[in-house]
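Contents: one structure, followed by commentary.
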Amino acid sequence: MTSTRVHLFDSTLRDGAQTHGVDFSAADKTAIARALDDLGIETIEGGWPGANPTDDRFFAAPPHLTRARLAAFGMTRRPGRSADNDPGLRALLEADAPVAVLVGKSWDFQCRVALGVEPEENIRMIADSIALMAREKAEAMYDAEHFFDGYADNPAYAVACVKAALDAGARWAVLCDTNGGTLPHDVERIVSEVVAAGVPGERLGIHCHNDTDNAVANSLAAVRAGVRQVQGTLNGLGERCGNANLISLIPSLVLKMGMDVGLGPDDLARLTEVSRALDERLNRAPDARAPYVGDSAFAHKGGLHVSAVEKDPRCYEHIDPTAVGNRRQILVSDQAGRSNVLARFREIGLEVDPDDPKVLRVVEEVKLREFKGYAYDGAGASFALLARRLLDHVPDYFRLDGFRVIDERRWNAKGELITLSEATIKAVIRGERHMAVAEGNGPVNALDAALRKVLVPIYPRLADLRLVDYKVRILTPDAATAAITRVMIESADTGGERWTTVGVSSNVIDASYNALHDSITYMLFSAETVATADAAE
Ligand SMILES: CC(=O)SCCNC(=O)CCNC(=O)[C@H](O)C(C)(C)COP(=O)(O)OP(=O)(O)OC[C@H]1O[C@@H](n2cnc3c(N)ncnc32)[C@H](O)[C@@H]1OP(=O)(O)O
Ligand SMILES: CC(=O)C(=O)O
């Protein structure tokens, strides 16, 4: 049986550019367009030529696309002008893009209020403008703005706008839930009624906004009712609450609804990478709880879940994570049972008899420490060290004899108020005492610098260690300055390896030191384990 073809249209570079806090450069747009092309998206809306210099620059030298076509966006002609004499439409014609998308009203209320024209004139604006684009471009599309609100108010008028565009030569009429307030059952009903009114689903698209958190559900409902083009953006970027998230829509269409969206299994397996690359470009942390591609999407924490997942992952996974390029994670925390711990042991290469009473000791120790403030589900490296210390052995690469940190706030010679920190560290390494002093822009930075001064000459690989994230959480805020503090440190090496460690203390510097100590120990221990394994081969 052949599956139904659904055409994908991406608006990251147009509606996504309308996201609060997002400001693409032309180079960003080019890079994102290439990523969408590699992924296999059919049409990429690059922006609005004539609206701003970034979009002009992008369309002046658009990227060479191999799988996708580029679309330029604009609006229907202004009232009282011919389409040929409309400067906005001219900019679209001149843009180096084979597809033109024109937004036009489809709600008579909007015609009168927002445009200040009679609804009949709006229909002429749609027909004239689409006819021009259909004549001059390879393909024209009509974005029926506010279609669902317009339909609720005046169904005959909303449908007349759609028919005017299709009769004028539009390949697609895209039904837009512009205000994002329509619910899935209404989307499905309205699309079914439009199809029943004689508009073929093969010429209808859907463009949903996420103002009720239903943009993806609304898009799927529209496909169920017959539309065959789906619009969305990467990670749901877009005006206000965003657009339908293509990263969620694509696997739902393919893996749940059996649709053919023009992407093969290898393309689908790149979704996680594409989603995270966009966040990287936007300089923001990926959403761990994002469906399909988030770091937590296949992370199992509860003991009952892990016990069953170990028997068969289908017990608590709706798809195989690798289908979308994601991975399964087993977390260890106070919600864990023996199954979690045994699974993590396997991951970190610890061979332990499941019936060994030490396994239970690790579970109990984790629960006790989590009660005191540790959080091992986010600090896999600290768990690995804890487990090895309890079951096996971790060398003391250095023994702290003591540290002192001094903070100073003062005026410098330029008359600026500055804060400087200085740390002194004393440690015993391989039986010898070492001492170093270092400055930093904060106490943890100074402590880290002093530790490196004593350690790097003896363990040169630590020169590659970078601290990439540092998080502090006060665990007993009601205890005010006597509160327990938890520090999580994410570290990385130049090879791209990342690991997270945790430290807990009533003193924030002490908690930071504990997390730093684990981070350094983990790096040295991992290197030693790899070297031993290599030597054994
Ligand atoms: C639903 C959507 O997301 S549609 C896309 C929205 N995206 C954007 O608006 C981003 C890019 N926009 C821009 O850079 C600017 O708004 C421009 C360049 C397009 C227009 O700027 P300006 O000419 O200064 O107009 P301004 O933005 O103030 O107002 C929009 C005008 O377009 C008119 N208009 C709105 N929709 C349409 C339409 N479909 N067809 C014709 N005219 C329209 C409005 O009536 C208004 O006209 P007025 O100035 O005579 O009142
Ligand atoms: C066209 C568009 O972005 C909308 O109506 O939401």
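Go through region 212-237 and report how many residues are buried (at least 19 other Cβ atoms within 10 Å of the Cβ) and assigned to a helix (DSSP H, G or I).
Qualifying residue count for the region: 13.
Would you mind stating whether F24 is within 16 Å of ligand 1 (Cβ to nearest atom), touching a residue at least 40 places away in the same chain (Cβ under 8 Å) and of a type in the set (F, W, Y)?
no
Kindly provide the set of residues from region 99-145 that are touching a residue at least 40 places away in the same chain (Cβ under 8 Å), assigned to a helix (DSSP H, G or I) and closer than 12 Å to W172 by Cα, ordered by number.
Of everything in region 99-145, just one residue is touching a residue at least 40 places away in the same chain (Cβ under 8 Å), assigned to a helix (DSSP H, G or I) and closer than 12 Å to W172 by Cα, namely I130.
Quick check on region 516-524. Is at least one of its residues in a strand (DSSP E or B), of a type outside the set (A, V, I, L, M), out of contact with any Lys or Arg (no Cβ under 6 Å at 6 or more places or on another chain) and surrounded by 13 or more Cβ atoms within 10 Å (Cβ to Cβ)?
no
Would you say I206 is in the same structural domain as R14 (by TED's automatic domain parsing), in a strand (DSSP E or B), buried (at least 21 other Cβ atoms within 10 Å of the Cβ) and in contact with a helix residue (DSSP H, G or I) (Cβ under 8 Å, 6 or more places away or on another chain)?
yes
Could we say that G80 is within 13 Å of ligand 1 (Cβ to nearest atom), of a type outside the set (S, T, N, Q) and touching a strand residue (DSSP E or B) at 6+ places or on another chain (Cβ under 7 Å) here?
It is false that G80 is within 13 Å of ligand 1 (Cβ to nearest atom), of a type outside the set (S, T, N, Q) and touching a strand residue (DSSP E or B) at 6+ places or on another chain (Cβ under 7 Å).
Name the residues in region 407-462 that are of a type in the set (V, I, T) and within 29 Å of T494 (Cα to Cα), would you?
Hits for region 407-462 are T424, I425, V428, I429, V437, V444, V454, V456, I458.
What's the number of the condition F59 fails, among (1) closer than 21 Å to L166 by Cα; (2) not in a loop (DSSP other than H, G, I, E, B)?
Status for F59: all satisfied but (1).
Looking only at residues that are within 17 Å of A31 (Cα to Cα) and within 27 Å of the chain's Cα centre (by Cα) in region 46-56, which one is farthest from ligand 1 (Cβ to nearest atom)?
Among those residues, the one meeting the criterion is G46.
Would you say A215 is touching a residue at least 24 places away in the same chain (Cβ under 8 Å), within 14 Å of ligand 2 (Cβ to nearest atom) and in contact with a Lys or Arg (Cβ under 7 Å, 6 or more places away or on another chain)?
No: the conditions fail for A215.
Being out of contact with any His (no Cβ under 9 Å at 6 or more places or on another chain), of a type in the set (K, R), free of Cβ contacts under 8 Å to residues at least 40 places away in the same chain and within 15 Å of A144 (Cβ to Cβ), is that true of even one residue in region 179-189?
no
Looking at G169, is it away from ligand 2 (no atom under 13 Å from the Cβ), touching a residue at least 12 places away in the same chain (Cβ under 8 Å) and at positive phi?
yes
Give me a count of the residues in region 410-432 that are farther than 17 Å from V456 by Cβ and basic (K, R).
2
Give the residues of region 24-41 that are out of contact with any Lys or Arg (no Cβ under 7 Å at 6 or more places or on another chain) and over 19 Å from L282 (Cα atoms), sorted by residue number.
D38, I41
Looking at region 146-193 only, could you name the residues that are assigned to a loop (DSSP other than H, G, I, E, B) and small (G, A, S)?
The answer is A168, G169, A170, G180, G181.
Inside region 62-98, can you point out the residues that are away from ligand 2 (no atom under 16 Å from the Cβ), assigned to a loop (DSSP other than H, G, I, E, B) and over 26 Å from the mean Cα position of the chain (by Cα)?
R77, R78, P79, G80, R81, S82, D86, A95, D96, A97, P98, listed by residue number.
Check whether at least one residue in region 46-53 is free of Cβ contacts under 8 Å to residues at least 24 places away in the same chain, in a helix (DSSP H, G or I) and more than 16 Å from ligand 2 (Cβ to nearest atom), and report yes or no.
Checked region 46-53: at least one residue is free of Cβ contacts under 8 Å to residues at least 24 places away in the same chain, in a helix (DSSP H, G or I) and more than 16 Å from ligand 2 (Cβ to nearest atom).
Which of (1) within 16 Å of ligand 1 (Cβ to nearest atom); (2) crowded, with 24+ Cβ neighbours inside 10 Å is the odd one out, the single condition R240 does not satisfy?
Here R240 meets the rest and fails (2).
Conditions first: (1) of a type in the set (A, V, I, L, M); (2) within 29 Å of I247 (Cα to Cα); (3) surrounded by fewer than 17 Cβ atoms within 10 Å (Cβ to Cβ). V309 passes all but one, so which condition is the exception?
(3) is the only condition that V309 fails.
Give region 476-491 a look and list any residue that's modelled with pLDDT under 75 and not hydrophobic (A, V, I, L, M, F, W, C), or say none.
If the condition is that a residue be modelled with pLDDT under 75 and not hydrophobic (A, V, I, L, M, F, W, C), then P477, D478, T481 are the ones that fit.
Report whether or not L467 is in contact (Cβ under 8 Å) with a residue 40 or more places away in the chain and not polar (S, T, N, Q).
So L467 fits the description; yes.
Out of all the residues in region 18-30, is one or more under 24 Å from the mean Cα position of the chain (by Cα), within 16 Å of ligand 2 (Cβ to nearest atom) and among the basic types (K, R)?
No.
Looking at region 127-172, which of its residues are over 34 Å from the mean Cα position of the chain (by Cα), under 17 Å from V99 (Cβ atoms) and among the aliphatic types (A, V, I, L, M)?
Listed by number, the residues that qualify are I130, A131, L132, M133, A134, A165, L166, A168.
The values are calculated or read from the model by the stated rules, or taken from the named source; none is laboratory data. What you see is a predicted model, and the numbers here were worked out from it, not measured in a lab. All Cβ positions, even for glycine, are placed from backbone atoms using ideal geometry, and neighbour counts span all protein chains on display.
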